[in-house]
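A.B. asks: Supplied in structure tokens, the structure appears directly below.
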Amino acid sequence: MTAAIETAGLTKRYGRRVALSECTLSIPTGKVVGLVGPNGAGKTTLLHLAVGLLEPSAGSVKVLGHTPAEGPEQLGRVGFVAQNTPLYAAMSVTDHLRLGGWVNPTWDMALAEQRIQHLGLDPHQKAGTLSGGQRAQLALTLGIAKRPELLILDEPVASLDPLARREFLRALMAIAVEHGVSIVLSSHLVADLERVCDYLVVLVAPRVQVAGDIETLLAIHHRLSAPRRDGLRLPRDWEVIEKSDTERQSTLIVRHDEPIHDPAWTVEQLDLEDLVLAYMSRAAGSGAQTPTLVGAAR
Amino acid sequence: MNRGIVIEFHLDARSGVSPYQQIVRQVRRALRLGLLHEGDQLPTVKEVVERLAINPNTVLKAYKELEHAGLVSPRPGIGTFVTATLSDGSLAAHGPLRQELLRWLAKARCAGLDDESIEALLQDTFRSSAEEGVA
């Protein structure tokens, strides 16, 4: 099956700065994918590479089996809602829909108008006077009315208050059901995405830290705790993501494909936020710390 | 079609129970309490995701599990319908049992137990009686 987004060794440099390094991903279609990472992690860079707004410095990216923005057909397949929902402040809601109709051959005006009505937006209101939540909903309408197979949204809820955020995600999930569209959305907060996504990519500049089906990720990561012992030896096939010791206790976050039944450890399930934070802090403190941990595990 | 929604789901983010399990439990509970009857339609996947802002696969997974348990069955293009009940004949006994339980709760409070102690006592008794049943 064709992947929604497939990258191999994808790298982007701005001058000497590496924004994205050796990114290799295969994101299946039919998912709601959360792209999570702190600000400046390279999320926007990766998304801009996927929609063809940027060219790779090295490596490759294919979206729905094609080179991003390779032609009008490919542009029609992928909807993109950029960060801060760029709209024309002086143009009315209706003007935006008309503009969408002019530039998109696959534009579904009935769908667009129906959504605007459903949202209770005044078609004659200028975009500049809409609330943040309404602007986001209008941008989402423009993204979906071109009937894409893949909808990419860059930080769509970052600037919204909690109520508008919830409203937006409700609308987005209804769209996922109704149109069977694959969705990729980024956020610096995993809590925003936890309920809506079933696939996760964690990015910390400039590398992908972990990616996969959320259910699988939760099944193969374990939190272990035990009284502290010196000279502790861990099985070779446990990948230690995080290790912390107090005077009396050792706590580990371990990646291991099988359930862990070692009676020496108390095993607990991780939640998604803890899992993401473990990878983020490993990446943040990398260099010195990670190799020592891996060394200690052998 | 004018169809009233029979039950609405809600999610507790702090429960530690996965969202799909919460939906399964809420349906089972509604069946057990007689809130859902054979022939009732569950909310459509779109209705659930639009209300809860959750991933559609979460709902599909829950409904599939309920289907495997023989409690609901999908009618393609229409929705998912309740095909069995969990309440059996025991539903009639609920009223009197609830009355007794209320009296017991009043006694427990009189004796100075707070909610946490009551819950702990209930669970502990429940567990030990289950163990005796096994032994």
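A.B. asks: Over the alpha carbons of the protein assembly as shown, what is the largest minus smallest coordinate on each principal axis, giving the biggest first in Å?
C.D. replies: Result for the protein assembly as shown: principal-axis Cα extents of 72, 68, 41 Å.
A.B. asks: Given labels modelled 7 Å from the Cα in the Cβ direction, how far is it in nm from residue B:87 to residue B:14?
C.D. replies: Rounded to a tenth, the inter-label distance reads 3.2 nm.
A.B. asks: Net charge near residue A:73, counting Lys/Arg +1 and Asp/Glu -1 over other residues with Cβ under 13 Å of its Cβ? Numbers along the way, then the final one.
C.D. replies: Details: positive: A:77, A:146, A:147; negative: A:70, A:149.
Around residue A:73, the surrounding residues sum to +1.
A.B. asks: Extending each Cα 7 Å along its Cβ direction at residue A:281 and residue B:25, get the distance between those two points in nm, one decimal.
C.D. replies: 2.8
A.B. asks: Given a Förster distance of 41 angstrom, what is the FRET efficiency for residue A:89 paired with residue B:35, based on the Cβ-Cβ distance and rounded to 0.05? Each step should come with its number before you reach the end.
C.D. replies: Numbers: r = 50 Å, r/R0 = 1.22.
The calculated FRET efficiency here is 0.25.
A.B. asks: Further, regarding this structure: Could you tell me how many degrees, from 0 to 90 and to the nearest 10, lie between the Cα long axis of helix B:56-68 and the main elongation axis, the longest principal axis, of the Cα atoms of chain B?
C.D. replies: Computed tilt is about 70 degrees.
A.B. asks: Return the subset of A:126/B:46; A:126/A:146; A:43/B:64; A:31/B:46; A:31/A:146 for which the Cα-Cα distance in this structure is over 27 Å, preserving the input order. Working shown, then result.
C.D. replies: Working: A:126/B:46 31 Å; A:126/A:146 22 Å; A:43/B:64 35 Å; A:31/B:46 16 Å; A:31/A:146 19 Å.
Beyond 27 Å: A:126/B:46; A:43/B:64.
A.B. asks: Quick check on chain A: helices-only [θ] at 222 nm, where DSSP H runs of length 4 and up contribute -39,500 (n - 2.57) each and the sum goes over total residues. Nearest 500, please. Spell out each step's value before the answer.
C.D. replies: Values: 10 runs with 100 residues, N = 298.
Computed ellipticity for chain A at 222 nm equals -10000 deg cm²/dmol.
A.B. asks: Next up: If the elastic network links every pair of Cα atoms under 10 Å, which of A:269, A:83, A:117 fluctuates the most in the Gaussian network model of chain A?
C.D. replies: Comparing A:269, A:83, A:117 in a Gaussian network model of chain A, the most mobile one is A:117.
A.B. asks: May I ask for the net charge around residue B:52, where only other residues with Cβ less than 12 Å from the Cβ of residue B:52 are counted and Lys, Arg are +1 while Asp, Glu are -1?
C.D. replies: Values: positive: A:166, A:170, A:195, B:46, B:51; negative: B:8, B:12, B:47, B:50.
With Lys, Arg at +1 and Asp, Glu at -1, the neighbours total +1.
A.B. asks: Follow-up. From the phi angles alone, apply the Karplus equation (6.51, -1.76, 1.60; θ = phi - 60°) to the stretch B:26-33 and give each ³J(HN,Hα) in whole Hz, x where the residue is Gly or Pro.
C.D. replies: So the J values, rounded to whole Hz, are 5, 5, 4, 5, 5, 5, 5, 8.
A.B. asks: Next question, about the same structure. Test of understanding: ordering A:129, B:58, A:29 by Cβ neighbours within 10 Å, fewest first, what list do you get?
C.D. replies: Numbers: A:129 11, B:58 25, A:29 16.
Ordered from fewest to most neighbouring Cβ atoms within 10 Å, A:129, B:58, A:29 come out as A:129, A:29, B:58.
A.B. asks: Got a sec? Charge dipole of the stretch A:217-296, +1 on Cβ for Lys and Arg, -1 for Asp and Glu; which of A:270, A:234, A:219 is way out at the positive end?
C.D. replies: A:234
A.B. asks: Pop a pseudo-label 7 angstrom from the Cα along the beta-carbon direction at both residue A:53 and residue A:246 and give the gap in nm to one decimal.
C.D. replies: Inter-label distance under the simple model: 4.6 nm.
A.B. asks: Right, another one. Taking the Cβ of each residue in A:261, A:222 as the centre, tally the other Cβ atoms inside 10 Å and list the residues starting with the fewest. Mind dumping the intermediate values first?
C.D. replies: Details: A:261 7, A:222 21.
Lowest to highest Cβ neighbour count: A:261, A:222.
A.B. asks: Choose one of A:34, A:129, A:144: the residue whose Cα lies farthest towards the positive end of the charge dipole of the protein assembly as shown (beta-carbon charges +1 Lys, Arg; -1 Asp, Glu; about the Cα centre).
C.D. replies: Positive-end residue among those listed: A:129.
A.B. asks: Set the Förster radius R0 to 41 Å, insert the Cβ-Cβ distance between residue A:110 and residue A:239 as r into 1/(1 + (r/R0)^6), and round the FRET efficiency to 0.05. Please list the in-between numbers first.
C.D. replies: Working: r = 51 Å, r/R0 = 1.25.
Once the sixth-power term is evaluated, E becomes 0.20.
A.B. asks: Sorted from fewest to most neighbouring beta carbons within 10 Å, what does the list B:65, A:273 look like?
C.D. replies: Details: B:65 17, A:273 13.
Ascending number of Cβ neighbours within 10 Å: A:273, B:65.
A.B. asks: Still on this structure: Nearest 0.05, what FRET efficiency do residue A:26 and residue B:107 give at R0 = 60 Å with Cβ-Cβ as r? Can you show the working numbers first?
C.D. replies: Values: r = 62 Å, r/R0 = 1.04.
In this case the efficiency is close to 0.45.
Read the figures in this text as sums done on the coordinates, not as results from a lab. Just so it is clear, the model here is predicted, and its values are computed rather than measured. Virtual Cβ from ideal backbone geometry, glycine too; neighbours counted across all protein chains shown.
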